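Single-structure report; data block below.
The values are calculated or read from the model by the stated rules, or taken from the named source; none is laboratory data. All values derive from a computational prediction rather than experimental measurement. Here the Cβ is made from the backbone with ideal geometry for all residues, glycine too, and neighbour counts use every protein chain on show. Accessible surface areas use protein heavy atoms only, side chains included; no ligands, DNA or RNA. Shrake-Rupley method; radii C 1.70, N 1.55, O 1.52, S 1.80 Å.
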There are 2 protein chains.
Amino acid sequence: MRYAVVGSGAVGGLYGGMLAHHGQDVHFLLRSDFDHVAANGLRIDSIKGDFVLPKPNIYQRAEDMPRCDVIIVALKSTNNAMLAETLPKIIAEDGVVLTLQNGLDVEADSVSAVPGHGVLGGCCFLCSNKVGPGHIHHLDYGRIVFGGYEFVGRHDQIREIGQRIASEMTDAGIDVQWTDDLAAARWRKLMWNVPFNGLSVVLDASTDAIIGCPASRTLADRIINEVYAGAALCGVSIEEGAIEKTMRHTETMVPYDSSMRLDFLNGRPMEVDAIFGSPLRAVERRIAELTAESSEKRAHPMPSVKMLREQLQFLDSRPAMASNLSG
Amino acid sequence: MRYAVVGSGAVGGLYGGMLAHHGQDVHFLLRSDFDHVAANGLRIDSIKGDFVLPKPNIYQRAEDMPRCDVIIVALKSTNNAMLAETLPKIIAEDGVVLTLQNGLDVEADSVSAVPGHGVLGGCCFLCSNKVGPGHIHHLDYGRIVFGGYEFVGRHDQIREIGQRIASEMTDAGIDVQWTDDLAAARWRKLMWNVPFNGLSVVLDASTDAIIGCPASRTLADRIINEVYAGAALCGVSIEEGAIEKTMRHTETMVPYDSSMRLDFLNGRPMEVDAIFGSPLRAVERRIAELTAESSEKRAHPMPSVKMLREQLQFLDSRPAMASNLSG
């Protein structure tokens, strides 16, 4: 299969790079990094082994790319506006999109960009940062859990192509796992992203500092519990013990600056809507339904998540302040 | 009456300075600012008129001070540990303490330092900053609402001396108001301190920025409502319209850096316990009582306040980070 990577950062650069390094046919759409990668190649420093792709297939414009069978969308979701123009130009006739992005229903933008095509979604459980142009630093973990996006249908066909992608990724050394319950995987990922992306920005701290202080640890724990409760309210069941497991993984993780924190420190827009807005809208819709059904008023199941979103929306509206902080 | 001022910063320096400027007998206990004030006097830049006290009565040690009838305690409550040693040395036989500090029950430390003496408490509604050694900048508002600390008793005697203090302060141009309900004044002040001290630190923002952004304004409004509900739960009734009035005052206020924000930016301890811990303990005690009475479980009435405290506790534990921010 021929792969395209749209968004060659900490996630797309790493997984696309690993596929290409293993000999798969991978085509990267680059923007600001194009000249650097053309001159120096794509460099991956990974706990699974460092490598450089000296001459990857790179493009500045979607119209110059070949049609691809699998388009990995690993953009920041704040850049999703470009998908409507880009995806139709590079998707093969039976091609599918695999969105490796944070949030709930982030696949919707891909679905509307290439209607009729299969869309899969994946959650990446990894610590990886883009540390410079064409230079990815993969620090810890690395699993992709992916599955068919439920609102597209055609389950068998999507499942089949999903298994093929999984097999080729596994061959390339990627820890990948198919799921028939993408929504559960998405909520599962939010259980980490919501507390640790959010608090890392608001508290200007890396994960080890948040976990290391009793007050912030208590808060992170309460936020994880809220996300878990939000998922349950939305009818998504997550395995027992996930809350404890999330805390434990974060404890044993390398000290880590979340992507949201790096965005904030560098004055870039943050994925506030994808990571906070989407689950809040989901639970608020569900509360409205339940209230309409029983006319019984319900308390908001995620008050801390709501407050964290408001704090992040404030900080996101002040890029000038943000870039001061990085000095 | 002879006045002592313990804590000659934005509040003590201003009000003590105004009393002395008007000819009252005022004695200031200074620490780090002693040499500067000895050489240059105490300088007040105020919207009510600038002045300098060239030779105020200043002391480095409590034992050198005369016994005073009214001891104005305007320390940061994080320094209250010094009261036990200081107050007994400077209080006159029938002297009283007037604590102009933030929080609930901050008077308790003064009560235990000079048991048997009357203790009054006051809330200051003003924008004032210490901008340098012996240099106070009074920017806006200025009212003191003060009354007898309820747990001391002897209401008539305290009321009488309170009226005398009020009268002398009024003569000195201070906007002062006696109250028979100190608890209500304390909670009323917390309705400003909790949202705007807290958010100014966590969001690294002055009041105008917090009020100016819809997300943070919504959050501030919700926090004010929580404090109002917390007061009601504790049996303290605050006038109708106080929520709206607090927001309106903050809107029309000069852009202001709260004392807590200045403490944070300068790497000093913040009054997290006085401003956040004390009302949270009060409502949590009350919830425990109500739950014991009716065995009905109650939701926490101040979830956002609780979360803000946790965030501030985290930030308060990292002075090194804090001083980086001020750069």
Of every Cα-Cα pair in segment B:2-180, the percent that sits beyond 24 Å | 29 percent
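Using Cα pairs under 8 angstrom and six or more residues apart, how large is the relative contact order of chain A, in percent? Mind showing how you got there, number by number?
Working: 602 pairs, mean separation 47.7, N = 327.
The normalised contact order for chain A reaches 15 percent.
Is there a quick way to get the dipole size of the protein assembly as shown? I mean about its Cα centre, with the Cβ of Lys and Arg at +1 and of Asp and Glu at -1; what is the value in debye to the nearest 20?
Working: 62 positive and 82 negative charges, 96 e Å.
My answer is approximately 460 debye.
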Provide a whole-number value for the mean count of partner chain Cβ atoms within 10 Å of the Cβ atoms in peptide A:303-311.
-> 6
Indicate the gyration tensor shape class of segment B:184-325 (rounded, prolate or oblate), computed on the Cα atoms with a ≥ b ≥ c the square roots of the eigenvalues: a/c under 1.5 is rounded; otherwise a/b larger than b/c is prolate and the rest oblate.
-> oblate
Compute the acute angle (0 to 90°) between the alpha-carbon long axis of helix B:242-252 and the principal axis of greatest extent of the alpha-carbon atoms of chain B; round to the nearest 10°.
-> 60 degrees
So what's the angle, to the nearest 10 degrees on a 0 to 90 scale, between helix B:12-21 and the longest Cα principal axis of chain B?
-> 40 degrees
Beta carbons within 10 angstrom, averaged per residue: use that to sort the peptides B:289-301, B:9-21, highest first.
-> B:9-21, B:289-301
Highest mean first, what order results for B:99-106, A:38-45, A:192-199 on Cβ atoms within 10 Å?
-> A:192-199, B:99-106, A:38-45
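Counting only helical runs of four or more DSSP H residues, what would the 222 nm mean residue ellipticity of the protein assembly as shown come to if each run contributes -39,500 (n - 2.57) and the total is spread over all its residues?
-13500 deg cm²/dmol
Just to be sure I understand: of the beta bridges DSSP finds with both ends in segment B:2-180, what percent are antiparallel, rounded to 5? Numbers along the way, then the final one.
Numbers: 15 of 43 bridges.
The answer is about 35 percent antiparallel.
Any idea of the total accessible area buried by the B-A contact, 1.4 Å probe, rounded to 100 Å²?
2200 Å²
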Report, in whole Å, the centroid distance computed from the Cα atoms of segment A:212-289 and segment A:93-161.
-> 19 Å
Largest first, what is the accessible-area ranking of B:Lys89, A:Lys130 with a 1.4 Å probe?
-> A:Lys130, B:Lys89
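Using a 1.4 Å probe on the protein heavy atoms, what percent of the accessible area of the protein assembly as shown belongs to carbon and sulfur?
Values: 12900 of 26530 Å².
Ligands and nucleic acids excluded, carbon and sulfur give 49 percent.
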Report, ordered by chain and residue number, the aspartates and glutamates lying within cross-link reach of B:Lys297, taken as a straight Cα distance under 19 Å and ignoring same-chain residues fewer than 8 apart.
-> A:Glu226, A:Glu296, B:Glu226, B:Glu284, B:Glu289
Once the Cα gyration tensor of segment B:256-298 is diagonalised, what are the square roots of 5 times its eigenvalues, in whole Å and ordered largest first, as equivalent ellipsoid semi-axes?
-> 35, 8, 6
Any lysines whose Cα falls less than 24 Å from that of A:Lys245, other than same-chain ones fewer than 8 residues away, would be A:Lys48, A:Lys189, A:Lys306
Degrees between helix B:155-171 axis and first principal axis of chain B (Cα, 0 to 90, nearest 10) = 70 degrees
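With the cut-off at 1.5 for a/c, could you classify the protein assembly as shown from its C-alpha gyration tensor as rounded, prolate or oblate? Display every interim value, and only then the final one.
Numbers: a/c = 3.05, a/b = 2.19, b/c = 1.39.
Verdict is prolate for the protein assembly as shown.
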About its Cα centre, how strong a charge dipole does segment B:1-95 have in debye, to the nearest 20, once Lys and Arg get +1 and Asp and Glu get -1 at the Cβ?
-> 160 debye
Mind checking which lysines have their C-alpha under 28 Å from B:Lys89, skipping anything on the same chain fewer than 8 residues away?
-> B:Lys55, B:Lys76, B:Lys130
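Give me the orientation-averaged projected area of the Cα convex hull of chain B, in nm², one decimal.
On the way: hull surface 67.1 nm².
Projected over every direction and averaged, the Cα hull of chain B covers 16.8 nm².
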Gaussian network model of chain A, Cα springs within a sub-10 Å range: biggest mean-square fluctuation belongs to which of A:Ile144, A:Ile158, A:Ile47?
-> A:Ile47
Quick note, segment B:86-172: a/c under 1.5 would make it rounded; otherwise a/b > b/c is prolate and the rest oblate (a ≥ b ≥ c, C-alpha gyration tensor); here it is prolate
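What average count of beta carbons from other chains do you get within 10 Å of the Cβ of residues in B:197-205? If you can, show how the numbers build up before the last one.
Values: counts 0, 0, 3, 0, 0, 6, 8, 9, 4.
Counting Cβ atoms of other protein chains within 10 Å of each residue's Cβ and averaging gives 3.
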